[in-house]
Amino acid sequence: MSSPENENKCSSHENSSPESDILEYLKIKLENVIKFRDRYFEEHSLEDAIHKNDDLKKLQAETLKIFDENETAATQINKAQYFFMKGALLNVVSEYNKDAENLLSKAIKLDRKLVEAWNELGDCYWKNDEFKKSQSCFEGALKERKNKVSLRNLSMLSRQEVVNLKAERIANVEKGLNYAKEAVQLDPQDGLSWCCLGNAHLSYFFYVQQNPKIMKQSISAYFQAEKDIVARSSPDLHYNKGIVLKYKQEFKEALESFKKASLYDPAWDRPKVREQQLVQYLNDIVELVSTKGKMKNKRLKNLLNSINSKHLGPYLEDTKNIVTGANAKLIPVNIQGLTAGLNELKVLLGKVVCSVRNEETVPFTFCMVDETGDCVVVTLFNLADGKGVIIGDSIAIPEPLVTDVDFEYNSVGYKFRLIRVETPILLAVNGKLLQKDQTAGVQMSISRKFD
C-alpha cells in the first residue's frame, strides 16, 4: 500500500469516474483509508508506529476533500449511502467526532437496513461513553442481519456493563461469551473475533468458574487471533494476552506481550506501566529471596528456632489428597525436598520473613524460610482484600505447586523458586486453616481500547 504522502496525489478530476459510478469510487476511497489503518504494519515497521495516527489523519483529510468535491453528485444518487460513508470516514480515527454521529444518524433515518451504518454509529457513541445508545445500535444492526461486528461489540458491552448484583454480572458474562462464540462461528478466519472470544473466556474464568481449561481456551483464542494481520497489529490483543500470561505466572512471555503492545501503540501508557510494574515486582522477589527478606541474622535465627511441627495444624494428622480426595498422610519436607510441579503427599512448613509489594494486590506475595534457612516466594490467589499473612507467621502449605523460574529479560536474570497457592483455605496459618471469609474472587483488568 502506498504511504499517505502518495495517496490521492491526482486531483479529483484526474481520478474521476462516470457519475453513475461515483458511490463505488467513494467506497473504494473509504476502504483504502480503513485498510491503511488496519493493515498499517504490512507496509511499515514498528518504528513507524509513532507516526501511525498522524499518517492516518493526513490520509483521512485528503479523502474527505474528495468526498466534499463529489457530494452533490453522490447525494443525488443515494443520500443514505453517502452520509454513511462520510460518517464512517470521520469515525475512522479513535477520537469521537460529532459530525460523524450526525451523518450516521441521518443515514440510518433514510435507510434503516444499513447494517454498517448502525455499527459505525454504535462505535461512535461508544467513543463518547454513551454505552446504552451504543448497545441499541448494535442490537439494531443485528435485527437487520446477523454479523460479526455487532456480535463482537455486544460481547464487549455485555461484559463491561456495571451491575450491582453478582447474578446479573454472571449473566452478562455468559451472554458476552455466547456473542463472541457466534462471531467466531460466522467467520472463523477473523482475528478480531478470536481476540474478543479470548477476552470473553477470560471474563468467564474470573467471574463465573475458575477452571484451568477456560484459561487455556482464552490463551488458545489469542494465539488464533495472532494469525490474522489485523488482530496481530492490535495493541489490545498483546496487552490482554499479557494479563493472562502474568496471571499464569509465565513472566517472560507476559513482559514480551506488554512490550509488544507498547511497540504497536507507543502513545499508550498502560502497557509500559504494566511492564515496569512486573519488572519491579520480579526484581523485588529476586532480592528478597536472596536476602531472606532483608532480615537481620539474629531475628532470622530466632524465627528458624521457633519453627515447630505443631504449626502443621490439621496436617499433623491424616488428611485428604488435594487431587484425588483420598485420605493420606502428608510428609513434611523442606524447600530442597520439593520438585517442580505438584508435590503430592508433601507439606512444607516455614516462617514468613517478608511480603513483596505488588501494585495490583493480586496475588498476595510473601517470602518464607524453612528450618534450614532456605527461602522461597509464595503467591496467594483468591484472597480477600486486606487479608494475608504477616512476618513471623507459621505457614503450612499442603501439596505445594512449585515453579522454578529462570529466564532473562533485557539482559537481567531472574531465578527463584515459586510456590503458587490457588486455594488459600487449604493454607494453615499458625496451626489453623484460613477461613472462607478470607477468600475472594480475583479481579480482572483487561483493556478495551477496543476490548
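The values are calculated or read from the model by the stated rules, or taken from the named source; none is laboratory data. Note that this is a predicted model, so its numbers are computed, not measured. FYI the Cβ positions are ideal-geometry reconstructions off the backbone, even for glycines, and counts take in every protein chain you see.
One table, with the values for the structure above:
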quantity: Residue match in region 383-401 (condition: closer than 19 Å to residue 245 by Cβ, within 26 Å of the chain's Cα centre (by Cα) and not aliphatic (A, V, I, L, M)); calculated: no
quantity: Residue pairs meeting the criteria (Cβ under 7 Å; at least 6 apart or on separate chains; first of a type outside the set (Lys, Arg), in region 107-122; second at pLDDT 95 or above and part of a loop (DSSP other than H, G, I, E, B)); calculated: 107/114; 108/114; 115/145; 115/147; 120/91
quantity: Selected residue (only one of 288, 263, 237, 312 is touching a Cys at 6+ places or on another chain (Cβ under 6 Å) and over 21 Å from residue 381 (Cβ atoms)); calculated: 237
quantity: Matching residues in region 179-209 - criterion: being over 12 Å from the mean Cα position of the chain (by Cα), assigned to a helix (DSSP H, G or I) and over 21 Å from residue 422 (Cβ atoms); calculated: 179, 180, 181, 182, 183, 184, 185, 186, 191, 192, 193, 194
quantity: Helices (runs of 4 or more DSSP H) wholly inside region 219-281 that include at least 3 residues being surrounded by fewer than 23 Cβ atoms within 10 Å (Cβ to Cβ), assigned by TED's automatic domain parsing to the domain that holds residue 43 and over 13 Å from the mean Cα position of the chain (by Cα); calculated: 229-232, 251-264
quantity: Answer from 50, 22 - the residue that is surrounded by fewer than 15 Cβ atoms within 10 Å (Cβ to Cβ), at pLDDT 95 or above and assigned by TED's automatic domain parsing to the domain that holds residue 128; calculated: 50
quantity: Residue check for residue 377: in contact with a Pro (Cβ under 8 Å, 6 or more places away or on another chain) and crowded, with 19+ Cβ neighbours inside 10 Å; calculated: no
quantity: Filtered residues of region 405-434 (kept if under 25 Å from the mean Cα position of the chain (by Cα) and loosely packed, with under 13 Cβ neighbours inside 10 Å); calculated: 406, 408, 410
quantity: Total residues in region 58-102, condition small (Gly, Ala, Ser) and within 35 Å of the chain's Cα centre (by Cα); calculated: 5
quantity: Pairs, first of a type outside the set (Val, Ile, Thr) in region 136-156, second not in a helix (DSSP H, G or I), C-beta under 7 Å, six or more apart; calculated: 141/147; 144/113; 148/187; 148/190; 156/448; 156/451
quantity: Residue 14 vs. criteria at pLDDT below 95, within 27 Å of the chain's Cα centre (by Cα) and part of a helix (DSSP H, G or I); calculated: no
quantity: Some residue of region 326-347 being basic (Lys, Arg) and loosely packed, with under 13 Cβ neighbours inside 10 Å; calculated: yes
quantity: Matching residues, region 129-170, being in a helix (DSSP H, G or I), closer than 17 Å to residue 116 by Cβ and among the charged types (D, E, K, R); calculated: 139, 143, 144, 148, 152
quantity: Residue match in region 105-115 (condition: surrounded by fewer than 20 Cβ atoms within 10 Å (Cβ to Cβ), among the small types (Gly, Ala, Ser) and part of a loop (DSSP other than H, G, I, E, B)); calculated: no
quantity: Any hit, region 306-320, residues being of a type in the set (S, T, N, Q), surrounded by fewer than 19 Cβ atoms within 10 Å (Cβ to Cβ), touching a helix residue (DSSP H, G or I) at 6+ places or on another chain (Cβ under 8 Å) and closer than 30 Å to residue 394 by Cα; calculated: yes
quantity: Matching residues, region 89-101, being touching a helix residue (DSSP H, G or I) at 6+ places or on another chain (Cβ under 8 Å), surrounded by fewer than 17 Cβ atoms within 10 Å (Cβ to Cβ) and assigned to a helix (DSSP H, G or I); calculated: 99
